[in-house]
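The values are calculated or read from the model by the stated rules, or taken from the named source; none is laboratory data. Model, not experiment: these values are computed from the prediction. Counting neighbours? That spans all protein chains shown, and the Cβs are built from the backbone with ideal geometry, glycine included.
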Amino acid sequence: MIHRLVSIGVRASIILVGLGLFGGFAFAQRNGPARTPPMGWNSWNHFACKVTEADVRAAADAIVSSGVRSAGYIYANIDDCWQGKRDGQGVIHPNEKFPDMKGLSDYVHAKGLKLGIYSSPGPKTCAGYEGSLGHEELDAQTYARWGIDYLKYDYCSFQGDVPAPMAAYKKMHEALEKTGRPIVFSLCQYGMDRVWGWGPSVGGNLWRTTGDISDNYDRMAYIGFGQNGLERFAGPGHWNDPDMLEVGNGKMNKDEDLTHMSLWCLLAAPLLAGNDLSKMTPETLAILTNPEAIAVDQDPLGVQGHRVAQEGQLEVWVKPLADGSKAVGLFNRGESVMPVTAYFRDVGVGDEALIRDLWEKRDLGVHHSSFTAQVPSHGVVMIKVKP
């Protein structure tokens, strides 16, 4: 397996040179959108293919009225199932569930938000709707005319091995660039073909590193804790994407939702809520909008966290921050309350450090050489460690 991964990496590098794609690597670092991980809402986790224009308008309303917008969530993203048919000139039109896409865009923008949309480099989307194959420039122009700010480009139905996917994503990126409109470009490659190694070179601002998440602790934990080792590929303008948030969808308890949110923040992951924002409990709202947790995710240094210690089901993760401090997650993946210790030598600070609990929003004083917390089953204590 290791030999295969190395071979894939070498093969991808050779292909990149052959396609002249290395020159584009600086794009995501150099240019506009997604200088910090995108924050917003996506329709799929809650509405799936039932989503309508009314649902998106209601989500935009809720983003503002709930205070989620004030916390930094600015994208309202339509996932699959909005597409209708193409006309005689090949222009895509929305289906009857979205009677006025430009009107929807204007409505979302008037609330100080941005609108996202979904397509595929293949002939069909995952749900069998019209993809963008052969219509990339037309679709990009249509999205720009509607006022779209974010495109999720999903691999479904695309055929071909590397370098074909790379060329397909690059083609859409160039089409988006030609419109002159800044549009965040999200690659949904499911971690195939080592996408994190070449995503920036084809214009990606973020790329999925895994298959789909679900509202289940085991699946969330498998995806989130499995991001360790990918930190070298993330940074301002180009982010690893472990998929959307399931916080508030009801099948995980509070400690599991806190683990989910904490881990995604430490990973500098995009924060795209996937719940019904109009029916949030105060508990869910508090988790999604905690300013100290969000500050970890949005830290301008743009470093993805990584695991520094593991003892069975107990893990310690660290994310360096721009002010010289460290965000630290003490995770308990086990089935009972357990003490978890973060040793300062692992964290990378001196013998003394000031500790702040980011979920409790309170200082815990100066500690020497280590910090220990009692962490509930499937839970987390997230702290800021300042030398």
Suppose we filter Asp161, Asp154, Asp149 for residues that are touching an Asp or Glu at 6+ places or on another chain (Cβ under 9 Å), acidic (Asp, Glu), touching a residue at least 24 places away in the same chain (Cβ under 8 Å) and surrounded by 20 or more Cβ atoms within 10 Å (Cβ to Cβ); which single one remains? Asp154
The stretch 302-317 - residue that is under 22 Å from Leu245 (Cβ atoms) and of a type in the set (A, V, I, L, M, F, W, C) and, of those, surrounded by the most Cβ atoms within 10 Å (Cβ to Cβ): Trp317
Answer with yes or no whether Ala144 is closer than 26 Å to Val316 by Cα, touching a Lys or Arg at 6+ places or on another chain (Cβ under 9 Å) and either without any contact (Cβ under 8 Å) to a residue 40 or more places away in the chain or not polar (S, T, N, Q) (or both). no
Residue ranges of strands (runs of 3 or more DSSP E) in the stretch 78-129 with at least 2 members surrounded by fewer than 18 Cβ atoms within 10 Å (Cβ to Cβ): 83-86
Failed condition for Asn290, given (1) surrounded by 22 or more Cβ atoms within 10 Å (Cβ to Cβ); (2) within 12 Å of Ser262 (Cα to Cα); (3) touching a Phe, Trp or Tyr at 6+ places or on another chain (Cβ under 7 Å), with all others met? (1)
Within the stretch 358-372, identify whether any single residue is hydrophobic (A, V, I, L, M, F, W, C), surrounded by 20 or more Cβ atoms within 10 Å (Cβ to Cβ) and farther than 21 Å from Gly226 by Cα, and answer yes or no. yes
Would you please name the residue that is nearest to the chain's Cα centre (by Cα), looking only at residues in the stretch 341-354 that are crowded, with 19+ Cβ neighbours inside 10 Å and β-branched (Val, Ile, Thr)? Val347
Quick check, is Tyr107 modelled with pLDDT of 95 or more, within 21 Å of Trp264 (Cα to Cα) and not small (Gly, Ala, Ser)? no
Top-ranked residue of the stretch 17-50 - restricted to ones that are of a type in the set (Lys, Arg) and at pLDDT 90 or above, ranked as surrounded by the most Cβ atoms within 10 Å (Cβ to Cβ): Arg35
I'm told Ala168 meets every condition in (1) buried (at least 17 other Cβ atoms within 10 Å of the Cβ); (2) under 20 Å from Asn42 (Cβ atoms) except one. Can you identify the failing condition by its number? (2)
Tally the residues that are touching a helix residue (DSSP H, G or I) at 6+ places or on another chain (Cβ under 8 Å) and assigned to a helix (DSSP H, G or I), restricting the search to the stretch 284-301. 7
Quick check: is even one residue across the stretch 324-332 crowded, with 20+ Cβ neighbours inside 10 Å and more than 30 Å from Ala34 (Cα to Cα)? yes
Could you list, in sequence order, the residues of the stretch 101-135 that are out of contact with any strand residue (DSSP E or B) (no Cβ under 8 Å at 6 or more places or on another chain) and under 28 Å from Tyr73 (Cα atoms)? Lys102, Gly103, Asp106, Tyr107, Ala110, Lys111, Gly112, Ala127
Does Leu133 fit the bill of being of a type in the set (A, V, I, L, M), touching a residue at least 12 places away in the same chain (Cβ under 8 Å) and part of a loop (DSSP other than H, G, I, E, B)? yes
Considering the stretch 159-190 alone, what residues qualify as being under 13 Å from the mean Cα position of the chain (by Cα) and over 15 Å from Pro121 (Cα atoms)? Val184
